[in-house]
Amino acid sequence: MTMYKARAYSAASETAPLVSTTISRREVTEHDVQIQILFCGICHSDLHQVRNEWREVMPTVYPCVPGHEIVGRVVKTGPAVTKFKPGDLAAVGCMVDSDGTCPECEAGLEQFCPNMTLTYNSRDKHLGGVTYGGYSDSIVVNERFVLRVPENLDLAGAAPLLCAGITTYSPMRHWGVTKGKKVGVVGLGGLGHMAVKFAHALGAHTVVFTTSPGKKEDALRLGADEVVISRDANAMAKHTGSFDFILDAVAAEHDINTYIQLLRRDGNITMVGAPSKPLPVSVFALIFGRRSFSGSPIGGVGETQEMLDFCGQHNITADVEVIPIQKVNEAYDRLLRSDVKYRFSIDMASLKAE
Ligand SMILES: NC(=O)c1ccc[n+]([C@@H]2O[C@H](COP(=O)([O-])OP(=O)(O)OC[C@H]3O[C@@H](n4cnc5c(N)ncnc54)[C@H](OP(=O)(O)O)[C@@H]3O)[C@@H](O)[C@H]2O)c1
Ligand SMILES: [Zn+2]
Ligand SMILES: [Zn+2]
């Protein structure tokens, strides 16, 4: 297999900072698209993975090149590629391959394929070792997993749609978020702020639960109808038994049972936040009210394209702070302090300048 060198930022261990390096990428094969990466969002999952916080479920293989919110331009295509040509805008999310033949793939739910390849820290079928993500100047991906970016979207703000966007859009569609429904969003971070934009655009009555009183004005501007400071027990109690659906996008341990109480009969709370430790769940709170508690991972390729097109129509992008890649370690520290409004987007031109 022929390869070329790409520039990237990688971590050598769970305690090491991300540093500049070069990695090998495969030259395009039959169905591949080579993309020059323009922007890559910083997802909290990148931080969990780089620091090996998910060691029990998906241990990190080092060196680790994270990044799965990728937007760029096609520079090269394999001979069999039909969807893209050089110069096209293109995007890549959390997956770069799947078997394409299992029932999940046939249903367009590649995120559940037992042989799915994640954009980073998955076995690389072509080169051996693990896949390397979007903190890099280029990436090569099978065209089946390359998305189209609506031309009207700001590219720095579009990058986070590839994970934060689809991860919140998919469960909202699955659980029927629409006009007339009361929807809660827990945690106004990268995922949470996208959830607010989608719930609002889908016509739901949208309530944000935040631990940060300083985010109240932003939440309203982003489309929330109400904001509740979740540490205020009285304010929480006012919403008991009233929600059709709650999306929980919190990255740390927290009390889930207070939110279960807020669901109405048959209401659902879905976790997209992925704290590394198990959460205690009150079964009685589920039984009384026939409520359900579930989780949801990203979304399929088809639904990701649907979400991007929806964003194109409604002019939805993430609110981003654009940073040069040299600031990535500082950005991780700030992410841990919830000090970003509301997603970091790395300008990959900064990598070239090194
Ligand atoms: N399921 C999936 O497929 C999927 C995909 C992507 C990401 N994720 C996971 O989703 C989570 C969120 O990711 P993100 O990138 O949106 O992270 P983020 O930007 O750091 O946002 C997380 C938010 O959670 C709230 N929060 C933080 N610490 C808290 C605490 N101790 N108690 C209560 N609330 C707290 C904060 O919101 P407030 O300040 O408003 O309280 C914070 O902004 C991560 O665990 C990530 O790995 C899952
Ligand atoms: Zn992510
Ligand atoms: Zn499959």
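The values are calculated or read from the model by the stated rules, or taken from the named source; none is laboratory data. Values in this document were obtained by computation on a predicted structure and should not be read as measured data. Heads up, the Cβs are rebuilt from the backbone with ideal geometry, glycines too, and the neighbour counts pull from every protein chain shown. For the accessible areas, the whole protein counts, side chains as well, though only heavy atoms, and no ligand, DNA or RNA atoms are used. Shrake-Rupley method; radii C 1.70, N 1.55, O 1.52, S 1.80 Å.
Put the Cα centre of region 242-321 next to the Cα centre of region 44-118 and the gap is 22 Å. Pairs of Cα atoms nearer than 8 Å and 6+ residues apart set the relative contact order; for region 9-79 it is 46 percent. Once backbone amide H atoms are built at 1.01 Å from N, GLY241 has LEU262, LEU263 as its partners under 5 Å, excluding neighbours fewer than 5 places away on the same chain.
Distance cut-off 26 Å, Cα to Cα: go down the list LYS5/LYS341; LYS125/LYS327; LYS327/LYS352 and report the pairs above it.
Cα-Cα > 26 Å for LYS5/LYS341; LYS125/LYS327; rest within.
In this Cβ point-charge picture (+1 for Lys and Arg, -1 for Asp and Glu), the chain has a dipole of about 420 debye about its Cα centre. Accessible area per residue for region 256-338 is 48 Å², calculated with a 1.4 Å probe on protein heavy atoms, without ligands, DNA or RNA. Looking at the chain as a GNM with Cα springs under 10 Å, which of PHE145, PHE310, PHE344 has the largest mean-square fluctuation? Highest fluctuation among the options: PHE310. Database remark: amide H of GLY267 closer than 5 angstrom to the amide H of SER292 (H placed geometrically; neighbours at sequence offset of 5 or more, or on other chains; Pro and chain starts carry no H). Couplings for region 137-144, taken from phi via the Karplus curve 6.51 cos²θ - 1.76 cosθ + 1.60 with θ = phi - 60°, read 8, 7, 8, 10, 9, 4, 4, 4 Hz in order; Gly and Pro are left as x.
Around the amide H of LYS83, modelled in the peptide plane, lies no amide H under 5 Å away from a residue 5 or more places distant or on another chain. Only DSSP H runs of four or more residues enter the estimate; each adds -39500 (n - 2.57), and after division by the residues of the chain the mean residue ellipticity at 222 nm equals -6000 deg cm²/dmol.
So which residue, out of ILE37, ILE298, ILE229, gets the largest mean-square fluctuation from a GNM of the chain using Cα contacts under 10 Å as springs? Taking springs between Cα atoms under 10 Å, the residue moving most is ILE229.
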